[in-house]
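Student: Here you go, one structure.
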Amino acid sequence: MPPRSVLVYDGDCAFCTTSVAFLVRRLRPNCTVTPWQFADLDGLGVTRQRAQHEVLWVSPVGAVYGGAQAVAKLLLSAGGLWAWLGGSLTLPPLRWIAFGVYRLVAANRDRLPGGSPACALPADRGPGARPPRD
């Protein structure tokens with residue numbers, strides 16, 4: 001397991017890369033940030049399919065959080081008011097809203113500023129799709 005938390009994102013997606021770079025620059029979270037294409041996914045305990053499906057937060061003890069919960073963990077690691085926001089995203093009903101917003105953004109990331117056709121999710125990973133079970 002990694003000595004510190006790791007944020008894993010889609011390095012082929014311009015929207016994802018731009019968003020992560022912005023968040024890291026502004027928040028200065030306490031984690032290592034890496035595109036899944038260059039990550040040791042086996043060592044992190046995640047599958048390629050899951051890494052393609054959503055942003056992931058892998059804790060030093062191997063707990064894996066995906067999508068909106070990974071964003072919440074990123075905010076928590078930034079401290080200050082960001083941690084308050086991250087903590088609130090882990091509680092219902094905000095957790096449910098965050099899940100829906102994350103899925104909406106993920107399904108349309110190719111249409112968002114900075115997005116490109118390479119950002120489009122395959123049909124089996126579109127709106128409402130869940131990561132495949134191992």
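Student: Below 13 angstrom from the Cβ of Ala78, what's the summed charge of the other residues (Lys, Arg +1; Asp, Glu -1)?
Tutor: Numbers: positive: Arg25, Arg26, Arg28, Lys73; negative: none.
Net charge in that neighbourhood comes out at +4.
Student: Related question: Which residues in the range 43-70 have a backbone N closer than 12 Å to a point placed 7 Å from the Cα of Thr32 along the Cα-to-Cβ line?
Tutor: Only 43-45, 58-60 pass the distance filter.
Student: Still on this structure: Which ³J(HN,Hα) values, rounded to whole Hz and listed in residue order, are derived for the range 84-99 from phi using the Karplus coefficients 6.51, -1.76 and 1.60 in 6.51 cos²θ - 1.76 cosθ + 1.60 with θ = phi - 60°, glycine and proline given as x?
Tutor: Karplus values, whole Hz, x for Gly and Pro: 4, 4, x, x, 5, 6, 8, 10, x, x, 4, 4, 5, 5, 4, 4.
Student: Using 7 Å Cα-to-Cβ label points, what is the Val61/Ile97 separation (nm, one decimal)?
Tutor: About 3.0 nm, to one decimal.
Student: Also, I was wondering about something else. With every protein chain left in place, what is the accessible area of Asp10 in Å² (1.4 Å probe, nearest 10)?
Tutor: Its heavy atoms expose roughly 20 Å² to the probe.
Student: With a 1.4 Å probe and every protein chain left in place, work out the accessible area per residue of the range 60-119 in Å², rounded to a whole number. Numbers along the way, then the final one.
Tutor: On the way: 3320 Å² over 60 residues.
It amounts to 55 Å² per residue over the range 60-119.
Student: To continue, here is another question. Expressed as a whole percentage, what fraction of the accessible surface of the range 55-112 belongs to carbon and sulfur atoms when a 1.4 Å probe is rolled over the protein heavy atoms? Could the numbers behind the result be given before it?
Tutor: Numbers: 2200 of 2980 Å².
Result for the range 55-112: 74 percent of the exposed heavy-atom area is carbon or sulfur.
The values are calculated or read from the model by the stated rules, or taken from the named source; none is laboratory data. Computed from a prediction, not measured in an experiment: that's the story for all the values here. When we count neighbours, we look across all protein chains shown, and the Cβ atoms used for this are built from the backbone with ideal geometry, even at glycine. Keep in mind that these areas ignore ligands, DNA and RNA; they rest on the heavy atoms of the full protein, side chains included. Shrake-Rupley method; radii C 1.70, N 1.55, O 1.52, S 1.80 Å.
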